[in-house]
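Chemist: First the structure, then my questions, so here it is.
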There are 2 protein chains.
Amino acid sequence: MHGLHLIAELYACRGDQRLFDDAAILRELCIDACREPGLTPLGDLFHQFGDRRSGDHRQAGGVTGAVVLAESHLAVHTWPETKGVTLDLYVCNFSQDNRVAARQVSARLIAAFAPTRLIEREIERGTPMLAAATSAGD
Amino acid sequence: MHGLHLIAELYACRGDQRLFDDAAILRELCIDACREPGLTPLGDLFHQFGDRRSGDHRQAGGVTGAVVLAESHLAVHTWPETKGVTLDLYVCNFSQDNRVAARQVSARLIAAFAPTRLIEREIERGTPMLAAATSAGD
């Protein structure tokens, strides 16, 4: 369970408009960005909002997607109306330390979106120290 | 983009063993937990490790899954060998405040896994204050 979770919020992006409202284009970027440093996509699901046939309530469109990785997951949500994006990349270190790979994926995605404002946070997960800090019973 | 991200790590769980190594059972719980307080699953992907046909490196098994929601996403990863689980539930407040629903989903999943030790964190995302705190250019 031990691993690194990278969280980012991107604002007022200047990247390719298609990344915000074309699920196929965003999917291709995400899968390729994960594979490049050696992460392993096992499957993915990208949903395009604003398709009248599906009765989406999010009329302004956007894409929401997830890539399930052997190392954990990537999740991306876009808001074309404000050129905003949220990114989540969680990698566990089950068979090797994947922190460097995770930072490479995140950096590539952020570079593609080209945010004017950017909030990034790194969260260490599953540490033994944290595990001992709180008990829900026992 | 404004919303709430609930992160949890569950250790030494005493819940039903099938939740750790049966993707169909875990999927059913996750989808049902999301629907109960009114969240909207748009699709999902659950992968079962330890299937020799797929050449998985994670021999000890486990399930990794994601539910793409109209409100953002749920991600779950299990480690049967230590009875460990990580949960991620991010809900944006696009058309309504989904924070109460998110906490209900998280509470139901945690109750099902029944951890002996539990770490929970709540992360507010996409706040205007945070947006102004860091600039990546401009």
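The values are calculated or read from the model by the stated rules, or taken from the named source; none is laboratory data. What you see is a predicted model; the values in this text were computed from it and never measured. No Cβ is skipped: glycine too gets one built from the backbone with ideal geometry, and neighbour counts run over all protein chains shown. All accessible areas refer to the heavy atoms of the entire protein, side chains included, with ligands and DNA or RNA removed. Shrake-Rupley method; radii C 1.70, N 1.55, O 1.52, S 1.80 Å.
Chemist: What accessible area, in Å² to the nearest ten, does a 1.4 Å probe give for A:H2?
Modeler: About 70 Å², ignoring ligands and nucleic acids.
Chemist: On to the next question. If amide hydrogens are placed 1.01 Å from N in the peptide plane, which non-local residues have theirs closer than 5 Å to the one on B:G61?
Modeler: Correct list: B:G50.
Chemist: Between copies, how far apart are the B:Q104 label points? List them in nm, one decimal, shortest first, with each point 7 Å from Cα toward Cβ, please?
Modeler: When each copy's label point is compared with this one, the spacings are 4.4 nm.
Chemist: Related question: Relative to the other copies, what are the label-point distances for A:H2, with labels 7 Å from Cα along the C-beta vector, expressed in nm at one decimal and sorted shortest first?
Modeler: Going from nearest to farthest copy, the values are 3.9 nm.
Chemist: Using the basic label-point model (7 angstrom from Cα toward the beta carbon), what is the B:A24 to B:E81 distance in nanometres?
Modeler: Here the modelled spin labels are 2.7 nm apart.
Chemist: Okay, next question. Distances from B:T116 to the same residue in each other copy, label points 7 Å out along Cα→Cβ, in nm, shortest first?
Modeler: Nearest first, the other copies' label points are 5.3 nm away.
Chemist: May I ask you to list the residues of segment A:96-111 whose amide nitrogen lies under 15 Å from a point 7 Å from Cα along the Cα→beta-carbon direction of A:H2?
Modeler: A:96-100
Chemist: Which residue in chain A puts its Cβ closest to the axis that rotates chain A onto chain B, and at what distance in whole Å?
Modeler: Per the A/B rotation axis, the closest residue of A reads A:A66, 2.
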